[in-house]
Every structure is written in C-alpha cells, then in structure tokens.
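Worksheet: one structure, shown below.
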C-alpha cells in the first residue's frame with residue numbers, strides 16, 4: 001500500500017521480480033497488472049525550464065510544510081489544493097502569493113471565504129487574473145515572471161508550487177517490455193487476458209484488445225478468466241473446478257464457512 | 001431520420017479530417033473524435049473535469065457559451081486561447097454543421 005511498482009523483470013524460469021519505488025521486492029510466478037489509467041502525476045504548467053528547477057525551488061507536492069518556514073512562497077492554481085495550501089502556509093511562510101488565471105476559484109466555499117479574508121487582512125497577496133510565464137535563477141529558483149493584466153513583472157521567491165491537479169500517466173509500465181497500444185497494454189482477449197509476456201496479465205482499464213470497453217462489468221469478467229488461467233499456470237498438475245458461492249458458500253477471513261441460510265422444509269397441511 | 005452533419009477537425013500534426021457526425025445519438029465533439037480514433041483521451045469521461053479534449057474553434061459558428069464548469073476547467077488548463085473549448089461540452093447539432101476545429105496540444 002502506498003507504493004508503486006517501478007520495475008518488472010524475469011527473475012528465473014518460473015518467477016518475476018517486481019520492485020517498488022520504496023525498494024520492496026515481490027517474487028511471484030504470475031503478475032497481474034490492474035493499474036487503471038496508470039499512476040496519478042502532477043499536471044505541470046508549460047513554463048520553459050520548469051523541470052530544471054524541480055526540487056530546486058519548484059515542487060508540485062507538499063510533503064513537509066515546515067520546509068516553507070520563513071520562505072517566500074508562490075502558489076499557482078484555482079482549485080482546492082491551491083486554496084488549502086495558501087491558507088495553511090500563510091501561518092508558516094514569510095509570505096504567500098496566490099496566482100490564478102481568473103478571479104473565480106473552484107473550491108469549497110469555506111476555503112474561498114478564508115482566502116478572501118486573508119487577502120482583506122493583507123496576510124497574503126492575491127494576483128488574479130495572472131499567470132506565471134517564466135522562472136529565473138541560476139541553480140536555484142530566485143524569482144518568477146508573472147503576467148498580470150497584460151503587464152509582466154518579476155516576483156522574488158524561494159518556492160514556486162504549481163497546483164493544477166493530477167493526471168493519470170501509464171508511467172513505468174510502458175518500459176517493461178509489454179506490447180503497448182493506444183496507451184494501454186495489449187492482451188489476448190480470446191483466452192485469458194495475458195500480455196505478450198507469458199505469465200503477465202493485464203485486466204481492467206489498463207488493458208486493450210479489439211472491442212475493449214472500459215466498464216467495471218468487463219473488468220470483473222476479465223479478472224475471473226485471468227484467475228482461472230493463473231491457477232493453471234501456478235498449479236499445472238491440479239484440477240480447478242468453478243464453484244458458486246451461492247451453492248457452497250465461501251471461507252471467511254476468520255476461517256469459518258459463510259453461506260446463505262437454507263430454506264425450511266416443512267409440510268403444509 | 002436526421003441527416004449527419006460534417007465537422008472539419010485539424011489534428012495535432014496539422015492534418016485535416018472530415019468527420020461525419022450523427023445527430024440522433026446525443027454525441028459531443030470529444031465522443032465524435034474518439035469514434036474516429038483521433039488522439040483525444042477524454043480522460044474524465046466528459047464531465048469537464050480534465051482538459052484532454054481541449055480544442056480551438058476556428059470557424060464563426062455560434063456555439064452555446066461555456067458553462068461555469070467548463071470555464072473553471074479552462075482556467076486551469078494549459079495552452080488556452082480565447083477560442084478554446086472543451087470538446088465534451090459541444091453537443092452535435094445543426095447549428096455547428098461545417099464547424100472547423102483544431103485540437104489543442106496534449107498536456
């Protein structure tokens with residue numbers, strides 16, 4: 001939980017090795033990718049040189065707010081994240097400037113009102129309608145260039161935090177040697193939703209095949225056929241019989257059998 | 001039966017596609033693009049919650065104005081121009097027969 005798979009390689013003849021971003025490793029004979037649209041990554045505004053300043057004054061995610069203690073912070077965005085962090089960092093940072101392309105914000109009414117109060121009290125700077133159009137600094141970010149009502153001006157800062165929400169990206173999955181088509185993993189839908197690498201399956205929104213529909217119904221269907229196939233792969237010598245929970249119940253996590261109550265058998269006189 | 005309308009769509013490589021769009025299936029421009037396998041993601045499904053179907057209207061058709069939701073999304077989208085719209089918010093109708101529209105860069 002809270003980790004994402006970074007690499008997937010063949011460990012030996014029978015196993016794959018999956019490594020996460022935190023270094024956790026899983027060894028398994030079968031890997032099923034049910035990755036949805038991928039991993040959610042921050043949307044980055046198209047400002048030249050933005051990526052050069054990542055971690056050097058530019059951050060898209062706030063992990064430790066204390067980092068901004070006594071710092072001059074510029075936040076860009078018009079949603080809840082931009083509003084919430086403006087409110088929160090006002091207490092910590094030396095100064096907070098909130099920049100948004102228009103006057104209207106889309107967020108919880110309470111947050112919008114709080115930001116309005118902070119602005120009225122002069123505790124934050126609010127620049128609307130405005131946009132950050134360039135960044136300045138040698139190694140570390142020194143200032144941003146803001147276009148405000150047609151005029152460009154430079155604002156000194158220690159930190160620029162663009163908060164434009166998240167967007168799903170296929171991410172590392174694309175580099176695992178799997179056949180990718182239209183930003184999804186191509187699978188064999190005539191059989192068991194295996195990918196071009198035997199033993200690796202992909203089910204749900206992350207896969208594609210002729211006639212693919214991104215419906216939860218189809219995702220469940222794909223999962224059932226994948227399970228049958230994966231069982232055979234893991235236990236080639238064992239027979240697997242499809243069973244219905246409505247007939248034979250299901251073993252609960254506490255070890256007991258859970259089943260629907262049986263009907264009475266009683267004569268009517 | 002309602003007659004199909006025509007949409008002229010210019011993709012991100014500058015290539016123009018003439019798309020035939022039915023009026024009896026309640027489709028929007030994002031869906032028309034997807035149906036023709038053009039590179040429009042429609043990530044949010046058509047709720048004006050992403051900008052993956054952003055496009056620029058290049059003809060003078062009068063189109064229903066932006067809703068508050070569309071306006072809000074476009075204010076956080078990138079590469080936005082005065083003629084930017086979200087394709088998912090443009091319903092097919094006789095009023096936009098012959099529309100010329102260009103896909104915005106993908107983010």
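Of all the criteria given as (1) touching a residue at least 12 places away in the same chain (Cβ under 8 Å); (2) more than 14 Å from chain B (Cβ to nearest Cβ); (3) out of contact with any strand residue (DSSP E or B) (no Cβ under 8 Å at 6 or more places or on another chain); (4) closer than 30 Å to residue A:48 by Cβ, the one not satisfied by residue A:177 is (4). You will find that of A:259, A:222, the residue that is in contact with a helix residue (DSSP H, G or I) (Cβ under 9 Å, 6 or more places away or on another chain), surrounded by 11 or more Cβ atoms within 10 Å (Cβ to Cβ) and at pLDDT below 95 is A:259 and no other.
With respect to (1) more than 22 Å from residue A:104 (Cα to Cα); (2) surrounded by fewer than 19 Cβ atoms within 10 Å (Cβ to Cβ), the lone exception for residue B:71 is condition (1). Looking at region A:27-65, which of its residues are assigned to a strand (DSSP E or B) and within 13 Å of chain B (Cβ to nearest Cβ)? Correct list: A:40, A:41, A:42. When A:112, A:132, A:96 are checked against the criterion of being within 14 Å of chain B (Cβ to nearest Cβ), farther than 17 Å from residue A:47 by Cβ, in contact (Cβ under 8 Å) with a residue 24 or more places away in the chain and more than 24 Å from the chain's Cα centre (by Cα), A:112 stands alone in meeting it. The set of residues in region A:170-196 that are part of a strand (DSSP E or B) and surrounded by 15 or more Cβ atoms within 10 Å (Cβ to Cβ) comprises A:180, A:184, A:185, A:186, A:194.
Of all residues in region A:150-165, those that are within 14 Å of chain B (Cβ to nearest Cβ) have Cβ atoms under 7 Å from Cβ atoms of residues that are in a strand (DSSP E or B), 6 or more apart or on another chain, in A:162/A:76; A:163/A:75; A:163/A:76. Looking across region B:26-43, the residues that are over 12 Å from the mean Cα position of the chain (by Cα) and under 18 Å from residue B:91 (Cβ atoms) come down to B:26, B:35, B:36. Taking the criterion of being surrounded by fewer than 17 Cβ atoms within 10 Å (Cβ to Cβ) and part of a loop (DSSP other than H, G, I, E, B), the residues of region A:138-149 that qualify are A:138, A:139, A:140, A:142, A:149. Here B:33, B:44, B:50 are screened, and the one residue that is within 14 Å of chain A (Cβ to nearest Cβ), closer than 25 Å to residue A:37 by Cβ, modelled with pLDDT of 95 or more and not in a strand (DSSP E or B) is B:33. When the criteria are applied in full, residue A:75 meets the requirement of being closer than 22 Å to residue A:51 by Cα, within 14 Å of chain B (Cβ to nearest Cβ) and touching a helix residue (DSSP H, G or I) at 6+ places or on another chain (Cβ under 6 Å).
Rundown of residues vs (1) modelled with pLDDT under 95; (2) out of contact with any strand residue (DSSP E or B) (no Cβ under 8 Å at 6 or more places or on another chain); (3) part of a loop (DSSP other than H, G, I, E, B), yes/no style:
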{"site": "B:3", "(1), (2), (3)": "yes, yes, yes"}
{"site": "B:17", "(1), (2), (3)": "no, no, no"}
{"site": "B:38", "(1), (2), (3)": "yes, no, yes"}
{"site": "B:64", "(1), (2), (3)": "yes, no, yes"}
{"site": "B:100", "(1), (2), (3)": "no, no, no"}
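Scanning region A:199-218 for residues that are more than 27 Å from residue B:45 (Cβ to Cβ), surrounded by 12 or more Cβ atoms within 10 Å (Cβ to Cβ), out of contact with any strand residue (DSSP E or B) (no Cβ under 8 Å at 6 or more places or on another chain) and in contact (Cβ under 8 Å) with a residue 40 or more places away in the chain turns up nothing.
Only residues that are touching a strand residue (DSSP E or B) at 6+ places or on another chain (Cβ under 7 Å) and either surrounded by 16 or more Cβ atoms within 10 Å (Cβ to Cβ) or outside any strand (DSSP E or B) (or both) were counted across region A:150-163, and they come to 8. Within region A:241-256, the set of residues being part of a loop (DSSP other than H, G, I, E, B) and exposed (fewer than 11 other Cβ atoms within 10 Å of the Cβ) comprises A:241, A:242, A:243, A:244, A:252, A:253, A:254, A:255, A:256. Could you please find all residues in region B:63-91 being away from chain A (no Cβ under 14 Å), in contact with a helix residue (DSSP H, G or I) (Cβ under 7 Å, 6 or more places away or on another chain) and farther than 30 Å from residue A:170 by Cβ? Result: B:63, single match.
The values are calculated or read from the model by the stated rules, or taken from the named source; none is laboratory data. The shown structure was predicted, so the numbers you read here are calculated from the model rather than taken from an experiment. So basically every Cβ, Gly included, is an ideal-geometry build from the backbone, and we count neighbours across all protein chains shown.
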